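Participant: Let me begin by handing over the structure; questions about it come next.
The values are calculated or read from the model by the stated rules, or taken from the named source; none is laboratory data. None of the values given here were measured: they were computed from a predicted structure. For neighbour counting, all protein chains shown are included, and Cβ atoms are generated from backbone atoms with ideal geometry for every residue, glycine included. Heavy atoms of the whole protein, side chains included, go into the accessibility calculation; ligands, DNA and RNA do not. Shrake-Rupley method; radii C 1.70, N 1.55, O 1.52, S 1.80 Å.
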Amino acid sequence: MADEQDFTGFLNLAAEVEQWFGPMVSEPGFHDAVRKNVLRSTALVATSSGPGLAGGLMFATTHAPIYHIRWLVVSEQARGQGVGRALLTEAMHRFVRGPGTVEVVTFGADHPGATASGARAFYERLGFTPAEATDPGPEGGSRQIYRLAVPHQPFEFSS
């Protein structure tokens, strides 16, 4: 679970991905979102053995049984080590009560971040399926909704 001391860690993670998502580090709206999720206990972090966070996640439960991954970022050094899966697994255990659906907005297939970040492949490996396109990101790049049906609780991702 994230706490107020993790705020700088969220900003550091955001700095690593602004080229794909648009400005966040200097944006008051992003600062507010981090603080609100920390206060609501819907922000999770993965710590690293070195400085900074290995990853961070913000989750929304306000429209259950449709849940939303609002933000999930793994540091460049920790990618490919299971950090994203661990964060999402923890979020599913803490916040999702099936049956329901988990949604995330990620890059459209034509967005440079789709391949460079591995986000689309990551969600597909976990069983999410591509759905409809949605509004472009703040940097103007295409976005697409991915969905995961959660038939029961507790839910486990397949290997």
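Participant: Quick one: which residue in F155, F122 is assigned to a loop (DSSP other than H, G, I, E, B) and closer than 25 Å to Q81 by Cβ?
Facilitator: Values: F122 fails: assigned to a loop (DSSP other than H, G, I, E, B).
The match here is F155.
Participant: Oh, and also: Can you tell me which residue is surrounded by the most Cβ atoms within 10 Å (Cβ to Cβ) among those in the stretch 1-41 that are out of contact with any helix residue (DSSP H, G or I) (no Cβ under 7 Å at 6 or more places or on another chain) and of a type in the set (V, I, T)?
Facilitator: Only one residue fits best here, namely V17.
Participant: Right, next: Please enumerate the residues belonging to the stretch 63-80 that are open to solvent by 40 Å² or more (accessible area, probe 1.4 Å), touching a strand residue (DSSP E or B) at 6+ places or on another chain (Cβ under 8 Å) and over 19 Å from H152 (Cα atoms).
Facilitator: Filtering the stretch 63-80 down to residues open to solvent by 40 Å² or more (accessible area, probe 1.4 Å) leaves 63-66, 70, 76-77, 79-80.
Then keep just the ones that are touching a strand residue (DSSP E or B) at 6+ places or on another chain (Cβ under 8 Å); that gives 64-66, 70, 77.
Passing the criteria: R70, Q77.
Participant: With the requirement that a residue be touching a strand residue (DSSP E or B) at 6+ places or on another chain (Cβ under 6 Å), open to solvent by 10 Å² or more (accessible area, probe 1.4 Å) and not acidic (D, E), what does the stretch 88-98 give you?
Facilitator: Initial filter on the stretch 88-98 (touching a strand residue (DSSP E or B) at 6+ places or on another chain (Cβ under 6 Å)): 90-91, 95-96, 98.
Checking which are open to solvent by 10 Å² or more (accessible area, probe 1.4 Å) leaves us with 90, 95, 98.
Matches in the stretch 88-98: F95, G98.
Participant: Cβ-Cβ distance below 6 Å, separation of 6 or more or different chains: which pairs start in the stretch 93-107 with a residue that is over 16 Å from M58 (Cα atoms) and end on one that is of a type in the set (V, I, T) and surrounded by 17 or more Cβ atoms within 10 Å (Cβ to Cβ)?
Facilitator: Taking only residues 6 or more apart or on different chains, the pairs are G98/V150; G100/V150.
Participant: Considering only the stretch 17-55, how many residues are touching a Ser or Thr at 6+ places or on another chain (Cβ under 8 Å) and modelled with pLDDT under 95? Full working, then the answer.
Facilitator: Of the stretch 17-55, the ones touching a Ser or Thr at 6+ places or on another chain (Cβ under 8 Å) are 17, 20, 42, 48, 52-55.
Within this subset, residues satisfying the condition of being modelled with pLDDT under 95 are 17, 20, 48, 52.
The number of residues fulfilling the criteria is 4.
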